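The values are calculated or read from the model by the stated rules, or taken from the named source; none is laboratory data. Keep in mind that what you see is a predicted model, and the values were worked out from it rather than measured. Neighbour counts run over all protein chains shown; Cβ positions are idealised from the backbone, glycine included. Quick note on the areas: whole protein, heavy atoms, side chains included, nothing else; ligands and nucleic acids left out. Shrake-Rupley method; radii C 1.70, N 1.55, O 1.52, S 1.80 Å.
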Amino acid sequence: MKLYEFPNGDTIHKYKKSIVILFKGQRNVLSTGPNNGGFTTDLSAVFNNDANPGSGMGIKLRADTYREHMDILAEEDLGLDSSACSGLLTAASMENAAISTLSYEDFSVTAITTAGVRSNGGRIGDPASWHEKSESSFDDTTPTGTINILLYINADLKKEAMASALVSCAEAKAAAMQELLISSRYSCGIATGTGTDGVIIIANAESNTHLTNAGKHSKLGELIGRTVITSIKEALRLQQGITTHSQHDIIRRMERFGVSEDALWDCYKETYRNLIRAEFTEILDHIRTEDRLVTYSSLYAHLLDQLSWGLLSFAECRIAAGNLLKLADLHPKPDYGSENIVQNYILAIAERIYHESVRPKQK
């Protein structure tokens, strides 16, 4: 199926669980893909492939190395010349790909993105899960979750501008994660992407528009930022239902600090014994999206961020955290453990659930 055609004749197609961009002329490409990655000028196609074999099943390579797997995929499944293409791999469905395009005067930018972050979201600098010993030491145990971006710029870019575009693209991805408050699965930080992200940038070497800068002060940089942010958010909505509305939830706000339904239940059953798990969950589901609670939980999370970053002292945060709990109408008790700000929050939510459980029901 043809999804899109550029003014220069290049086309975007979806087939065989892949999105493929076919070139009709010379294109400069900067790719993080394993096959023909880096900067190249002699490719005829790029692609993004859904390698998910099914629910609960891990991605399996068809060769000893990731690069060889991609070569086989290109030749056997997509009918491409493996020496003249570069590709990315993901577990996200191509049915959930998002396309965002913007134009300005004499050039345009188009981002084609697939995204999943729930299981593999991470913040740059988080503890790593493996160390590469050889090209064949591909880590197939990493949880699936990837943001892959095909970024098509219908203008001629110098090599340094291509590198600058990659920087702007990465910053835009981090901004999208921040604007949705996506949790890292490996630390208490806000994710900046996932551990398996990929980008392929394509520039039209035959264009009469010649651009040398893709930074934030340039119009090119602005369009890269806007298309990438928009396409990531839409891809996450399509793939995992992640939206500003779905993130309006105290668990989504606080999960990166270890606040989960299980953690709340463990705390609750140690202190209160009047509910079974199903009843507890019903009350939690009722209160977890309350405006007041979400608002002050968000401030609580940012307070913990500033403590982690060294911008506020523990003493400052402990006092402010107590005040925020009171503003959220959670009424923390004086004997709450003062040495663990996160546990204080969990205790306060557990107490709120208890009060909801014994409140007389309206007839």
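Of note, Ala235 does not satisfy the criterion of being free of Cβ contacts under 8 Å to residues at least 12 places away in the same chain, assigned to a helix (DSSP H, G or I) and not hydroxyl-bearing (Ser, Thr, Tyr). Residues in the stretch 5-26 that are open to solvent by 50 Å² or more (accessible area, probe 1.4 Å) and part of a loop (DSSP other than H, G, I, E, B): Pro7, Lys16, Lys17, Lys24, Gln26. For the stretch 184-213, the set of residues classified as within 9 Å of the chain's Cα centre (by Cα) and not in a loop (DSSP other than H, G, I, E, B) consists of Gly193, Thr194, listed by residue number. Only one of the numbered conditions (1) touching a Pro at 6+ places or on another chain (Cβ under 9 Å); (2) open to solvent by 20 Å² or more (accessible area, probe 1.4 Å); (3) hydroxyl-bearing (Ser, Thr, Tyr) is not met by Thr65, and that is (2). Sub-7 Å Cβ pairs linking a first residue in the stretch 322-344 that is in a loop (DSSP other than H, G, I, E, B) to a second residue that is modelled with pLDDT under 95 and aromatic (Phe, Trp, Tyr), at least 6 apart or interchain, number zero. Summed over the stretch 225-260, residues that are of a type in the set (Asp, Glu) and under 22 Å from Ala92 (Cβ atoms) total 2.
State yes or no: is Leu151 within 27 Å of Thr244 (Cβ to Cβ), crowded, with 23+ Cβ neighbours inside 10 Å and either touching a strand residue (DSSP E or B) at 6+ places or on another chain (Cβ under 6 Å) or modelled with pLDDT under 95 (or both)? Yes: the conditions hold for Leu151. Within the stretch 216-259, take every residue that is small (Gly, Ala, Ser) and open to solvent by 20 Å² or more (accessible area, probe 1.4 Å) and give me the one that is nearest to the chain's Cα centre (by Cα). Among those residues, the one meeting the criterion is Gly241. Only strands (runs of 3 or more DSSP E) whose full extent lies in the stretch 29-123 are considered here, and the ones with at least 2 residues that are within 23 Å of the chain's Cα centre (by Cα) are 45-50, 85-90, 98-104, 107-115.
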